[in-house]
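Report on the following structure.
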Amino acid sequence: VLFAIQSGRRSRAVAFLERHRSPLEIMVFASLRRCAERGAHQLIRLAPRCHATKVKMAILDFSGTVADPYSLAVHKAFVEVFAASGVQITMSDARAPPALKNYFHIRAILEIPEVRRRFMEARGHEPNPADVEMLHEAFVGRQSDMVSAYSSLVPECVDAVEKIRKMGCKIAGTTGLGRSLLDASLKEAATQGFVSDSFVAGGDLGGRF
């Protein structure tokens, strides 16, 4: 079903959910990026006809799922922080590592051969732990500005959450954002109609984020 949506075969996906009508599938589609563009609004409308299940909670990511549809804030922050240190990276470079905590994401970017080469040309030495610390410290400050700039909710997020709540599910989430930044982001999201029951921030359980 995910493949059908991602490849534009919406009619097949809708037909599947018409047969199965599971709130779990509705929940998955509701959290997809660019859900409105991919036709997820058709699937969300099926929610009132779904039968009861044992699903009790929908756990969402924040950036790209609740707000900032294309996850631009975090990746633009990476690009700008590297540029400020004299190293040019692209958005593709910033997005290349898999989902990691920000500190380790920066370290992974520095391990990309082309980025490593540019870093050595600009800084005169291979990247080391002190460089990662420096970039991470700058990133934390820059990310705050970026998250504020890209705070719009994903289209139909509020509608999807409302329908999931009507199924008897709680709304929770996890994110790599720090606690203070997450709290500010959730406050802004609330003004647009999104309210969660719980959200766990990066760093809440200790360690780097």
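The values are calculated or read from the model by the stated rules, or taken from the named source; none is laboratory data. Just so we're clear, the structure is a prediction, and the values are computed from it rather than from any experiment. Using ideal geometry, Cβ is built from the backbone for each residue, glycine included, and neighbour counts are taken over all protein chains shown.
In this structure, does Leu46 turn out to be at pLDDT below 95, touching a Leu at 6+ places or on another chain (Cβ under 6 Å) and not assigned by TED's automatic domain parsing to the domain that holds Ala138?
yes
Taking Glu137, is it of a type in the set (Asp, Glu), surrounded by fewer than 20 Cβ atoms within 10 Å (Cβ to Cβ) and touching a helix residue (DSSP H, G or I) at 6+ places or on another chain (Cβ under 6 Å)?
When the stated conditions are applied, Glu137 does not pass them.
Return the residue satisfying two criteria in turn: it lies in the stretch 77-94 and is in contact (Cβ under 8 Å) with a residue 40 or more places away in the chain, of a type outside the set (Phe, Trp, Tyr) and buried (at least 20 other Cβ atoms within 10 Å of the Cβ), and of such residues it is nearest to Pro113 (Cα to Cα).
Among those residues, the one meeting the criterion is Val81.
Return the pair list, or none, for Cβ contacts closer than 8 Å from residues in the stretch 112-126 that are more than 13 Å from Ala83 (Cα to Cα) to residues that are of a type outside the set (Lys, Arg) and assigned to a helix (DSSP H, G or I), at least 6 apart or on different chains.
Ile112/Asp93; Glu114/Asp93; Arg116/Leu110; Glu126/Phe119; Glu126/Met120
Go over the candidates Arg208, Arg118 one by one and state the one that is of a type outside the set (A, V, I, L, M) and modelled with pLDDT of 95 or more.
Result of the check over Arg208, Arg118: Arg118.
Could you list, ordered by first residue, the pairs with Cβ atoms under 6 Å in which the first is in the stretch 48-66 and loosely packed, with under 15 Cβ neighbours inside 10 Å and the second is at pLDDT below 90, at least 6 apart or interchain?
Once the first residue is loosely packed, with under 15 Cβ neighbours inside 10 Å and sits in the stretch 48-66, its partners that are at pLDDT below 90 give Arg49/Arg21; Thr53/Pro23.
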